[in-house]
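Throughout, read-outs are computed from the coordinates displayed, never taken from laboratory work. Note that the structure is predicted; figures quoted are calculated from it, not measured. Here the Cβ is made from the backbone with ideal geometry for all residues, glycine too, and neighbour counts use every protein chain on show.
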Amino acid sequence: MKKKIILGYDFLKELGGLERVMFFQANSLYKLYDVELIFSYISDKTSGKITKELNLNKNIPVKQISKIKSEFLQYISSILFPKRLTKIKSDLIISHSFMYSIMAMKSKKINNTPYIVTLYHPPNFLYNTSLKWANNLPRKFAYLIGLVFGNYLRNLDKKAVKNADATIVISKYTAKRVKEIYGINPTIIYPVLAKNFKVIDKKEALKHLEKFNLGKPYVLLHGRMIKDKMPDMAIKAFHIAQKKLGIDLVISGTIEEEENIKRLIKNLGIEKRVHILSRVSNEELVSLYNMAKCFLMSAPKEDFGLTPIEAMACGCPVIAWKDDAGPEETIIDGKTGYLAKPYSIDDFANKIILCLKSKQNKKEISKSVNKFSEENIKSKFLKTINKLNF
């Protein structure tokens with residue numbers, strides 16, 4: 001009989017880097033273990049699309065921990081009733097959030113169930129005093145909770161991480177922060193690069209992009225357009241660079257700051273040079289990366305950054321900040337992209353100009369991210385699981 005592993009997280013409502021890592025872990029474990037995904041809240045509107053897009057094995061159950069339909073009430077109940085996981089039989093728990101680490105710790109105490117903490121970054125509501133990340137109601141609520149009960153919850157968080165049987169982080173940058181806060185040396189396992197991101201034939205790429213009518217060469221800004229990702233800095237840098245280059249800007253992804261972005265574009269007088277595509281298909285995204293002259297990564301202090309390695313896998317050089325964060329672990333400055341002085345819009349613009357005036361080797365850029373392949377990441381992840389001997 002296979003041993004059972006539960007992977008838990010607060011919400012299943014959006015497709016981001018965390019969901020990609022979590023679902024990849026589940027798929028990697030499926031053939032060897034009985035795997036189950038558990039969430040405190042599952043959005044009926046988006047969960048089906050997410051599981052389909054991330055190719056979650058159809059035999060892996062996706063469950064909500066209780067019948068409460070309110071996202072807000074689910075968050076409250078997770079705080080008030082941390083013993084909920086103890087009622088679910090399992091041989092190992094893999095937590096992907098602060099709350100599930102607390103519940104996993106309770107399960108270990110009561111049921112002697114080992115657990116792994118997957119840390120993307122230390123919880124913002126406990127260790128980040130900036131309000132920029134609190135861009136929706138649950139995050140604003142978490143921020144208030146952190147203000148009122150911060151000391152107690154920080155102690156609880158540190159206890160949960162230190163008592164874990166293993167802690168996984170997604171970059172050396174995150175490992176350094178975890179060492180400073182928790183005093184432990186975690187296992188670094190990078191997020192996986194999906195196989196579909198690769199250099200493709202130019203004709204194939206142009207075919208997928210026909211409907212967008214992208215006449216001029218362009219630079220690409222893709223991802224979640226939210227305030228703390230600072231898309232405005234990339235747009236302002238493009239505004240400077242385009243005066244010397246005669247290029248366009250393509251913006252795609254989940255654009256939550258669309259009104260502010262459109263207002264900025266209008267104020268800069270570059271409406272005719274910017275194409276806002278919003279969400280695109282996987283085929284269209286691969287084609288956008290392949291045809292872009294460079295990819296703009298303006299998010300500060302990114303713990304890892306999946307979009308830069310996706311772009312590089314498609315032979316597209318990346319412009320990012322030289323701020324000692326995740327992108328510095330993936331971008332080879334001057335070869336696979338350029339790192340700008342943080343947070344200088346002028347230098348970011350200069351790096352765009354330098355990149356477009358330099359000759360780029362698409363095959364070499366693509367080859368540089370081979371270490372993030374599914375085979376390599378899966379192997380390291382399973383070795384971490386096997387070390388537990390649970």
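Key figures for this structure:
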{"item": "Neighbour-count order for I332, I168, fewest beta carbons within 10 angstrom listed first", "result": "I332, I168"}
{"item": "Calculated FRET value between K371 and N213, using beta carbons and R₀ = 30 Å, to 0.05", "result": "0.20"}
{"item": "Alpha-carbon centroid distance for the pair region 1-72 / region 338-369, whole angstrom", "result": "36"}
{"item": "Given charges at Cβ of Lys, Arg, Asp, Glu: the chain dipole, positive-most of C355, L382, G269", "result": "L382"}
{"item": "C-alpha center-to-center spacing [region 146-190, region 191-257] in angstrom", "result": "34"}
{"item": "Overall Cα dimensions of region 202-371 - principal axes, largest extent first, Å", "result": "39, 37, 29"}
{"item": "Neighbour-count ranking [beta-carbon atoms within 10 angstrom, fewest first] of Y30, Y9, Y173", "result": "Y30, Y9, Y173"}
{"item": "Eligible lysines near K31 by straight Cα distance, threshold 17 Å, same-chain separation 8 or greater", "result": "K2, K3, K4, K58, K378, K380, K383"}
{"item": "Expected-Rg normalisation [2.2 N^0.38 Å, Cα atoms] applied to the chain", "result": "1.01"}
{"item": "Residue order, fewest to most surrounding Cβ atoms within 10 angstrom, among L264, L85", "result": "L264, L85"}
{"item": "Long-range amide H partners of D248 with built H, under 5 Å", "result": "Y218, V219"}
{"item": "Estimated 222 nm signal from helices in the chain, with DSSP H stretches of n ≥ 4 weighted -39500 (n - 2.57), rounded to 500", "result": "-13000 deg cm²/dmol"}
{"item": "For region 86-233, the Rg and Dmax computed from alpha carbons only, in angstrom", "result": "20.4, 63"}
{"item": "Residue among T46, Y33, S101 farthest towards the positive dipole end of the chain, charges placed on Cβ", "result": "Y33"}
